[in-house]
Every structure is written in structure tokens, then in C-alpha cells.
Amino acid sequence: MTKFAKAHPDMDFRLMVKKAYDYAMADVPAIKTRDIDSSRISYFSDHFTRQLKAASMVQDYLGLNPKDSRRIEWGGATGGQCIQAGWETVASGRSDVCLVAGFETMSRVETWKGNEFIALASDTNFDYPVGGFYTGYYALMVQRHIYKFLRKTRFAGIKDEKMAQEMATREAMRIMAMVSVKNHMNATANPYSQYPNKLTVDDVLKSEMISYPINRQSICTMSDGAAVLLLASEDVAFKYTDKPVLIKGVGCGTDTMRLADRPHGEVPRFPWEKKSDYENLDYPGVHSFRAGRAAALEAYKHAGIKDPKKELSFVELHDAYASSEIQTYEDIGLCKYGEGYDFVESGQPFLKEIDYKLDLKNKGIIPVNPSGGLIACGHPVGATGIMQGVFAFWELQNSIKKHFGNSTLQIKDAKRGLIHSHAGTGSSVTVSILEAVKHD
Amino acid sequence: MIKKFGKFKDVMKEIKKNGAALYEDPSGTEDLVISSPYQINYIHSYAEDSKFFIELTKGKLFGSKCRKCGYKYGTPRSHCMECGSETDWMELPLKGKVHSWTTCYFGSEEFLKETPFNLVLVEFDGVNTPFLSRLVGAKTEDIYIGMDVKAEFKKTPRYLVSDVYFVPVK
């Protein structure tokens, strides 16, 4: 993995991937380039590269020709989808060893042009011309989430509708700021992260408003970076290393491209949820991500997970916004729909050993984004989901100290981790479950 | 003579002015950075959604209603996502309520000069899904979910979905 940075003018995308690749290969000395059967290479946007077939140029630069290869693209979830494409290549028996590699070079345009490119991943007839801006879309979604789950609960007693909504939004902003504090603080121990920072809730609340109620410190930034994973079949993996990590389950979900078109139906429930939990909840509307729920349902079933909070040691989820981190807790069943704000305040997604200078009663139950997530690590789209995979791999190998130079983020006896990649206002989501095989 | 800079911000400024600059990166190596503009004019047909945009120029707002299951969309959709059947065009009321909203203080480059602006999802009585639009003539502190709004249309159409926008009902 390369360090994620605002710009890497000293490396083009081929060299970034090559550096990440060389690092991974050096970590498993027994494996040689000749042992790799295929590659799956991901980057999100042809607009950023302005070079079609950039994946072929990576294949070429790594010296992998004439082997099987293809490009994977799936919006913000490009990296997560690339891992699943690599998994399919090995699981089907087509390859024994498949290289999964991703990158993005977003520094090639200025920030607001970059936002325009990203907004082209919304319906260009009906959504983009209104004021295409992803932060705006997520703000629309969280406003509805706040209305459904805070205004109607904590502020149910307030008669003045407008005042009740304002109070609920302020409350949500405070809780979203706690998520931002968590992720920035976690990243201070991650040398690969772009924006490690010790922030307070006040610092976050004072940062510039981008789209009400989402402010600058609660949003990921644009980045340059690359990440790779080596996937191998079970028999072959033990030939090269005694510490592989198992991909135990995969899941994928989708929803309408226009967020206005999201239906208002019933919640697809986990086995531990009751129908009565969600009476009168129009689902997903724009307040929740049905694609995230569908991906988690499939992945848990595949991995045999019946109680994610108990069976998972950590979660790396796609926090492009602090708001979508809270919405995602509910989608993937870390809590029920509507409980996301309480879940943050309880301290459950925070790391036990880190002092966040917050009053948290129940820290470390299920750490979420111990790496610092997208908010603090950066979001070079095609690399992001793979970065989560690399981080989870190191956690489950118990090798964080080796790669980070410190063990602050090493979760003791980490047995299972969930990685979650998300795109397009929730139109595309992947969830993969990784499991430790051997411990020191 | 091409100029050299140690800060990438200065490189960005220089290439805007003179098209090229050298960047001395932290490792001491020189990187040559150039400006590379790109412009294109697409020939874009609205195809099956055309009627929606034509009606906007007449001050009318159209959604879709499924012929088979009756699902009503606040957006044009020529086939139903619930049952796959063809839909009919359905005229939408010009009055609705705010389903959700935001104020954008920043935006994509194309819309940056229009900030701050409000985005709203507007819900219509008896229609299953809302419609994404701008809310004009209201400040952040005035807007709330459930607020009554009505559609207005641009006098000179640009044949874009932004030919319609919403304003508060006074």
C-alpha cells in the first residue's frame, strides 16, 4: 500500500501500484511474479486518469503480460468489488493466485472539478444538473435519517415542528462530530493515513459548513494512492506463507441510481430482528442504504455469522461521510435501524485503548474504522476498498506493528473483520468477511 | 525559462499562467508538470425521457404511472422498477412538501458560482416517490421537512431538469 496523499506528483499510477506491489511481494518472499496467474485491477474514473485502459498499463508495468487480467469499476465501491472479483477468480478454480490492485490519481484536477467528476456518478439527466454534488446528496439523506430517528424520538415532545427539527439536527451534528473525532484520532497511529489529527467535537463543529448539516471535518477528501492484495486458493496459500487470512464470506447489494426513486417498503430483516422492530418504517426511502443491508445479509449468511457484534473483532466501513458511517452501523446490523446515534454515544465503535477525551461508557465492543477510515486515511477511490482489505489482513495476521511501526491499532486476538465498500448514494455496496487462520 | 518550485501549490499557479512548471519533490527529484485542458460537446438525446423536458417548457411537471401495478413515480421512468411493465406519463401537481433538504455552501465547479443553494426532495400527495430540485427564495433557517412548496419554471428554458425549481408557498 502507498501512503495516501493529496498528491503524488513524483509517481504516476503505474509506479504507485508497482510500489504497493513490491511491498506486498517482499512481505511474502516465497512468491514470485511467475506464480501469479491473473490480476484484477481497479480504478474508478476515466476522467481522472484521462487514459483509457489504464489497467492494461498497470498489467504491463508490473510485468504480468500475457496473463489473464481485467479492469473493475463500481463507483466508490470499486476497491471492494475488485476484491470480490479476485475472490471469484480464485474460488472458481480459474486461478491459483490472483493479484488484486487498485489506484486513483485524483490530484490531477482541482478539488471542485474533482467533485464534478464524482457527481457524474449520479444520473446526469435528472440529478447532476440540479447541482450535482455528492456531499449535497448525502446531506439530503442524513436530514431524513435525523427526522426519522432523532426528531421522532429524543425530540418527540417538542410541539413546534421547525424547532424540533433544528434541535434534532444539532444533536445529530454533535454525534457525527464524535465519529469524526474517533476516525481522525485512530489515524494518528496509522502512518499510511492522509489526515491524522487530534480533534475535539468543537473543532469539528467549527469547521466550514459544506452541505448542511455536513461540515468539512466529517467528509473524506480526494487522494492519490494505491493498494494491492494477493489472493490464493487455500492449498496454494500455505505453500507461500504460514499466516494467510481467509476470505470467509462475500456479499453485494444494489439500489436505484436516483435517490428519489428509492422505494418505501419493508426492511429485509436479519434473523435476530423482529417484524415489530420496524412497524411503520418506510424502507429504505432516502434515510437508509438497502444495498448495504442486502450485502451484509448475503455476507453473514455466507460466512455463517449469527451475531456480528460478538463474532466480528472489528469493522472497516466506507465512511465517506460521518453521517453514512452512522447509517451503515444500522444497515450491517451492529445496531437496529434508528439506534445509530445511541450506538456512537455508547462508545461501542471506539477503540478501548485510545483516549478520545470523550465520555464513553462502553468502549471497544466492536471497533469501527480503527484505521481511521476514509475520513482520516483519504479516499483514492479505486484503492480505498483494497486499503481496507490490507488493513484487515494485517490486523488478522497480527502484524500491524511490523507495518505501522507501532501496535496502537492492533486489536488483540482479532479473529474476524468486516470490510464494507459503498458507492453512488448507496446504489452499490460490497461486504466481505475476513478471518484469521493462525496466530503467533 | 521554465520555473521551479518547492511547493505544489505554486506549481499549480504557474501552470495556469505559463502552461508548465518544475516541481522539486521532497526526494529532491524534479517532476515536470504541465497543463492539459480538455473540452467536449456531446450530442445528447433525452430519448424516451424527452416528453418530461418538453413539458417543462410549457410549465408542466410529469412523472410516470405503471400501467400494470399502478406505482406512481415522481420522476420519469418508462418502465416500472416494481413489475417491469411500461408506464404512462402522469402529470404531477405543482404543489408539494419538502421530503428532505440541504443547503450547499460548496459544489462542483460547474455550480460553485451559484452557492449557496438549497437542494430539496419534494413529495407529492398520492405519489410513491419524490422529485429532486432546487428550493429558491428560502434560507437555511427557514426550511423544514413538511414545508409547503410550489413549482416555478424558468422563463428561458435551457432544456435541463433545472428548468423547474421550487419556492416556498407564502
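The values are calculated or read from the model by the stated rules, or taken from the named source; none is laboratory data. This one's a predicted model, so the numbers in the text were calculated from it and none came from an experiment. When we count neighbours, we look across all protein chains shown, and the Cβ atoms used for this are built from the backbone with ideal geometry, even at glycine. Heads up: the accessible areas ignore ligands, DNA and RNA and are worked out on the full protein's heavy atoms, side chains in. Shrake-Rupley method; radii C 1.70, N 1.55, O 1.52, S 1.80 Å.
Key figures
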{"read-out": "Listed residues B:Lys155, A:Lys152 arranged by accessible area, highest first, probe 1.4 Å", "value": "B:Lys155, A:Lys152"}
{"read-out": "Proximal lysine pairs, the stretch B:47-168, alpha carbons under 18 Å, eight or more residues apart or interchain", "value": "22"}
{"read-out": "Exposure of A:Lys309 as accessible area (Å², to 10), given a probe of 1.4 Å and all protein chains", "value": "70 Å²"}
{"read-out": "Carbon/sulfur fraction of accessible area - chain A, other protein chains in place, 1.4 Å, %", "value": "49 percent"}
{"read-out": "Between helix A:161-187 and chain A: long-axis angle, C-alpha atoms, 0 to 90°, nearest 10", "value": "30 degrees"}
{"read-out": "Under 12 Å from A:Lys3, Cα to Cα: aspartates and glutamates that are on another chain or at least 8 residues apart", "value": "A:Asp224"}
{"read-out": "Pairwise FRET efficiency - A:Lys152 versus A:Ala91, Cβ, R0 = 45 Å, nearest 0.05", "value": "0.55"}
{"read-out": "Partner lysines for A:Lys352 [C-alpha distance under 22 Å; skip if fewer than 8 residues away on the same chain]", "value": "A:Lys182, A:Lys198, A:Lys309, A:Lys310, A:Lys361, A:Lys363, A:Lys401, A:Lys402, A:Lys412, A:Lys415"}
{"read-out": "Per-pair calculated FRET efficiency, R0 = 56 Å: B:Lys139 and A:Lys401 via Cβ, rounded to 0.05", "value": "0.60"}
{"read-out": "Per-peptide average of other Cβ atoms within 10 Å, ordering B:32-43, B:124-135, A:80-91 highest first", "value": "A:80-91, B:124-135, B:32-43"}
{"read-out": "Å² per residue, accessible surface of chain A at 1.4 Å", "value": "36 Å²"}
{"read-out": "Cα gyration tensor shape for the protein assembly as shown, rounded if a/c is under 1.5, else prolate or oblate", "value": "prolate"}
{"read-out": "Pair A:Ile365, B:His79: separation of 7 Å Cα→Cβ label points (nm)", "value": "4.5 nm"}
{"read-out": "Partner chain coverage, peptide A:162-170 - average Cβ within 10 angstrom", "value": "2"}
{"read-out": "Average beta-carbon neighbours from other chains, 10 Å sphere, peptide A:350-358", "value": "0"}
{"read-out": "Point-charge dipole on Cβ atoms (K/R +1, D/E -1) for the stretch B:47-168, about Cα centre, debye to 20", "value": "280 debye"}
{"read-out": "Contact surface A-B: accessible area buried, both sides summed, square angstrom, 1.4 angstrom probe", "value": "4200 Å²"}
{"read-out": "For A:Met209, solvent-accessible area (1.4 Å; no DNA, RNA or ligand), Å²", "value": "50 Å²"}
{"read-out": "Number of partner chain Cβ atoms within 10 Å, mean per residue of A:137-150", "value": "4"}
{"read-out": "Paramagnetic label zone (point 7 Å from Cα along Cα-to-C-beta, B:Ser35; backbone N under 18 Å) in the stretch A:97-141", "value": "A:108-114"}
{"read-out": "Rounded accessible area of B:Glu91 (nearest 10 Å², 1.4 Å probe)", "value": "100 Å²"}
